[in-house]
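Encoded as structure tokens, the structure appears first; notes follow it.
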Amino acid sequence: MRSIPFSSYIVRFLFAFAMIGSLTACGSGERETQRAARDGILLFGNGSEPKGIDPHLVTGVPENKIISALVEGLVSYHPTSDLESSPGMAERWESNADFTVWTFYLRDAKWTNGDPVRAQDFVYSWQRILSPELGAEYAPMLYVIKNAEAFNTGGLKDFSQVGVKALDDKTLQVTLGGSTSYFPLMLQHYSFFPVNPRAVEEHGGMTDRQSGWSTFDNYVGNGPFRLKQWVTNQVIEVERNPDYWDAKTVKLNGIRFFPIDNINAEETMFRNDRLHITNQVFPDKIPVFAEKMPEQLRNDPYLGTYFYRINVTRKPFNDPRVRRALALSLDKKLLVEKVTKGGQAPATGYVPTGIPGYEASTAVSFRPDEARRLLAEAGYPGGKGFPKTEIMINTSEAHRKVAEAVQELWRRELGIEIGIYNQEWKVYLDNQSSLNFDLSRSGWIADYAHPSTFVDMFTTGNGNNDTGWSSARYDALIEAARRAGSEEERVRLMHDAEEVLLNEMPIVPIYWYTRVYLLDTKVKGWYPKLLDNHPYKHVWLEPDASEAGK
Amino acid sequence: MLKFVIARLLQGILVLLAIYAVTFFLVAATPGSPFSTERAIAPEILAQIEAFYGYDKPTSERFFTSLTNVLQGEFGPSAVYANRTVTQIIAESFPVSLLLGSLALLVALGIGIPAGILAAVKRNTWLDYIPMSVSMAGICLPTFVMGPLLALLFGLILNWLPVGGWFGPEFWILPTATLGLYYAAYFARLTRGGMLEMLNQDFVRTARAKGVPETTIVLKHCLKGGLIPAITFLGPALAGIISGSFVVETIFQVPGLGQWFVRAALNRDDFLVLGLTVLFATLIVIMNLLVDIAQVALNPRLKYD
């Protein structure tokens, strides 16, 4: 019997496979990103499979990226500014002098099922998201509207008491619970987006969580793009919506959103020229990318704070001096330079830097001597007698690295030993909300570009407080800010509130986020945005000239 | 044989029921809920969501409701993915895993079995040492090393193949190779062992003495018996290989079942966890039954009891 060595089998097999591949994949010899750029299709790494695309039921970032292509609210994202909203379904808007009553004038626009977009659609939509039966997690975003909270929590049954009214088909009047000058910024959030009443009613009705209206076959939107295909775990493709009111501005012909959980797989696909933009970059590789492909590496400020929550109901953290000692003893500059490496800024306060009109606090700078003094005053000189406590993180390599660095810095500066343990995401969330931790890794990303999205959450009893901390003075300042007559006064009050927070320190601010990702140089019209919201209608693609002839 | 099959099927049903019950109560006892979120939900809203999915009822009542539904083929909605039922998720992703698994199995058997036979026939020569060393390396080299290596070589360096997605035959190649070569290594070693045992039997010596050609001895007299170890391994391997490999699917962005196993558990998507467990357990039960039948057919010393 003639024999063939096994190794030769492998070589032949791989070679044969590779040949088939090279014939089919690279028949034209053109890179996928280049071909897509010529076709005007943006190839978008989008993190994970969306949990849905119903704007009233989703809560995540990947969902937001898709929905903002399909649906447009009263306002839309501004291509460059974080402080402005561009017109959307509303052509223009105005408010009364104290920013409590807002009137929106709608343009002529159409849903993808041909229905006109009417002011009543917004009333219907906001009633939907606020209906307790729907169980929408993001309903509290709308609590800024008069009586919305009472309706959402079941105390008020009559929706006509809630501050939203269609004066006619084209005029929407919104009455707020308090003066809110930044209301148009909040409206950029998808929880305020409209849904098509006819589509919702045809598929289960207003309060059906499993209503079929938002499936691929039944989806109705009003945005610059419409659904083209959806293959689970593979791709969601949207194409240009010819009936969109501003269709002439839209330059892209479509976007393919690829749900890629795995950070390495995503990077491989980018380097294989199959993505124009990645969702993230592995932190350890950032210096390599910075050196080898600086034009593609993007590092944009991102409106979020990475911090540790302190459980103030447990000893020794019930003593504010201990909490301050923890916060002041962290050399955060060292931490962001040596550990996170993504260009993050050391957090010297809680509200991140970058919100125009709001100066970030510098209260939590690195002052190790003061930290040691505070710890000694609290009864633990040199860390002696400090009880065994632990940092809880959700399972992730990146969080562990930060925690280990923090652990070492505290050991070095304060002489205390703090343990680290990780918990699976859902268990971590349950532990955090039930105050079953000593220190808990946390992050908060702004919902809109205003300090209130950060400071509101630490009021007494707020569902997102999760520290057990409560301060009457803080609560009073936040309440006063809510009712402030002018924006300057509001910002000043919020600043004062933040100082109270940073004085009592129920949290240890660590760094202010950046968004680090890879962006193909063919993508144009893509600007750094604090909330990472890029209006796709202003984005376009320019194929590489050098590859054009291939 | 019919009696054997029926008896085994009845056993299988009992096993499945037991697995369902154990999984259900384990999942119910696990901390965390499908509805925990990073941002706080008002208790009133959480209560509405829980009521919608039946979580307001006691665990025992939920168990019987869900068991009744499952017996009617109704696995319920995903608790996390809006508008998707467990059945839909499985129906979308199982065919992908089935295709990938079948291709990989072809590769595994196509390489593993000939290599194993060859190594046994030419034992203690370089035709034995080389394939066996390679297969040992193949077993030791996990798919999460092999996959990225293949992706690096054929995707990034040579630029011949796409490294992620499942859009056509050229996308199938790297995941198939990664998964297939891993199993090929096992099959090669098992086949070699089985064949060696057969080649040492007395009847082989007799046949050789009678002047029967070596090819006939190997392929006609020994192959059937020599494949028994490989076939025994085939049952669980088949169930595993066609229900998706989490690692390979993650590396190459294959939209198969494997990713859902992990995602369902991490999301605490209870209904999906149960549906996938039932599916996987059913596959194992069926594959093991088929393997038992095949073994009796191949091994004259075994009988259906």
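Structure notes:
- Cβ-Cβ under 8 Å pairs, at least 6 apart or on other chains, region A:258-273 side facing chain B (nearest Cβ under 7 Å) and of a type in the set (A, V, I, L, M), far side part of a strand (DSSP E or B) and crowded, with 20+ Cβ neighbours inside 10 Å: A:Ile260/A:Gly45; A:Met269/A:Gly45; A:Met269/A:Phe258
- Residue selected from region A:35-62 under the condition closer than 28 Å to A:Phe122 by Cα and of a type in the set (Val, Ile, Thr), by the criterion modelled with the highest pLDDT: A:Ile53
- Count of residues meeting criterion [among the β-branched types (Val, Ile, Thr) and over 16 Å from A:Asp331 (Cβ atoms)] in region A:358-403: 4
- Meets criteria (in a loop (DSSP other than H, G, I, E, B), touching a helix residue (DSSP H, G or I) at 6+ places or on another chain (Cβ under 7 Å), under 30 Å from A:Glu479 (Cα atoms) and not assigned by TED's automatic domain parsing to the domain that holds A:Gly463) for A:Thr207: no
- Test: residue in region B:7-23 that is under 26 Å from A:Leu435 (Cβ atoms), part of a helix (DSSP H, G or I) and either of a type in the set (S, T, N, Q) or in contact with a helix residue (DSSP H, G or I) (Cβ under 7 Å, 6 or more places away or on another chain) (or both): no
- Some residue of region B:116-124 being over 20 Å from B:Gly275 (Cα atoms) and among the basic types (Lys, Arg): yes
- Scanning region A:111-127 for residues that are surrounded by fewer than 23 Cβ atoms within 10 Å (Cβ to Cβ) and in contact with a helix residue (DSSP H, G or I) (Cβ under 7 Å, 6 or more places away or on another chain) returns A:Asn113, A:Asp115, A:Tyr124, A:Gln127.
- Test: A:Val491 is surrounded by fewer than 23 Cβ atoms within 10 Å (Cβ to Cβ), of a type in the set (Val, Ile, Thr), at pLDDT below 95 and not assigned by TED's automatic domain parsing to the domain that holds A:Asn64: yes
- Which listed residue, of B:Leu181, B:Leu174, B:Leu199, is more than 9 Å from chain A (Cβ to nearest Cβ) and of a type in the set (A, V, I, L, M, F, W, C): B:Leu199
- Criterion violated by B:Pro34 - all others in (1) within 14 Å of chain A (Cβ to nearest Cβ); (2) part of a helix (DSSP H, G or I); (3) farther than 30 Å from B:Phe167 by Cα satisfied: (2)
- Residue list for region A:445-464, filter: within 13 Å of chain B (Cβ to nearest Cβ), of a type outside the set (Asp, Glu) and surrounded by fewer than 22 Cβ atoms within 10 Å (Cβ to Cβ): A:Ile445, A:Met457, A:Thr459, A:Gly461, A:Asn462, A:Gly463, A:Asn464
- Residue within region A:329-338 that is aliphatic (A, V, I, L, M), surrounded by fewer than 20 Cβ atoms within 10 Å (Cβ to Cβ) and out of contact with any Phe, Trp or Tyr (no Cβ under 8 Å at 6 or more places or on another chain) present: yes
- Of the residues screened, A:Tyr474 is not one that is of a type in the set (Ser, Thr, Tyr), within 25 Å of A:Gly73 (Cβ to Cβ) and buried (at least 19 other Cβ atoms within 10 Å of the Cβ).
- Filter result for B:Val107 (within 12 Å of chain A (Cβ to nearest Cβ), at pLDDT 90 or above, crowded, with 18+ Cβ neighbours inside 10 Å and part of a helix (DSSP H, G or I)): yes
- Residue check, B:Pro255 touching a strand residue (DSSP E or B) at 6+ places or on another chain (Cβ under 7 Å) and closer than 25 Å to B:Thr178 by Cα: yes
- Number of the exception - A:Gly205 against (1) within 14 Å of chain B (Cβ to nearest Cβ); (2) modelled with pLDDT of 95 or more; (3) surrounded by fewer than 18 Cβ atoms within 10 Å (Cβ to Cβ): (2)
- Of all residues in region A:231-243, at least one satisfies being outside the structural domain of A:Lys341 (by TED's automatic domain parsing), farther than 30 Å from B:Leu257 by Cα and out of contact with any strand residue (DSSP E or B) (no Cβ under 8 Å at 6 or more places or on another chain).
- Boolean, B:Leu149 is within 9 Å of chain A (Cβ to nearest Cβ) and modelled with pLDDT of 85 or more: no
- Within region A:382-393, tally of residues that are farther than 16 Å from A:Asn318 by Cα and either exposed (fewer than 14 other Cβ atoms within 10 Å of the Cβ) or among the charged types (D, E, K, R) (or both): 2
- Filtered by the rule that a residue be surrounded by 13 or more Cβ atoms within 10 Å (Cβ to Cβ) and of a type in the set (A, V, I, L, M, F, W, C), region B:196-217 gives B:Leu196, B:Met198, B:Leu199, B:Val204, B:Ala207, B:Val212, B:Ile217.
- When residues of region B:245-273 are limited to those that are part of a helix (DSSP H, G or I) and among the acidic types (Asp, Glu), the one nearest to the other protein chains (Cβ to nearest Cβ): B:Glu249
- Subset of region B:51-76 [among the small types (Gly, Ala, Ser), more than 14 Å from chain A (Cβ to nearest Cβ) and surrounded by 13 or more Cβ atoms within 10 Å (Cβ to Cβ)]: B:Ser66
- Test: residue in region A:360-376 that is within 24 Å of A:Asp466 (Cβ to Cβ) and among the polar types (S, T, N, Q): yes
- For A:Asp369, the criteria (1) surrounded by 16 or more Cβ atoms within 10 Å (Cβ to Cβ); (2) modelled with pLDDT of 95 or more hold in every case but one, which is (1).
- Checking A:Glu291 against (1) of a type in the set (D, E, K, R); (2) more than 14 Å from every other protein chain (Cβ to nearest Cβ); (3) closer than 27 Å to A:Glu542 by Cβ; (4) not in a helix (DSSP H, G or I), the condition it does not meet: (4)
- Per-region count, region A:102-159, residues away from chain B (no Cβ under 14 Å), farther than 22 Å from A:Gly223 by Cβ and assigned to a helix (DSSP H, G or I): 2
- Residue in region B:218-253 that is surrounded by the most Cβ atoms within 10 Å (Cβ to Cβ), counting only those that are among the charged types (D, E, K, R) and at pLDDT below 85: B:Lys224
- Among the residues of region B:41-81, those that are among the small types (Gly, Ala, Ser), farther than 30 Å from A:Gly155 by Cβ and outside any loop (DSSP other than H, G, I, E, B) comprise B:Ser60, B:Ser66.
- Top-ranked residue in region A:267-288 [being within 25 Å of the chain's Cα centre (by Cα) and among the acidic types (Asp, Glu); ranked as farthest from A:Pro543 (Cα to Cα)]: A:Asp284
The values are calculated or read from the model by the stated rules, or taken from the named source; none is laboratory data. Values in this document were obtained by computation on a predicted structure and should not be read as measured data. All Cβ positions, even for glycine, are placed from backbone atoms using ideal geometry, and neighbour counts span all protein chains on display.
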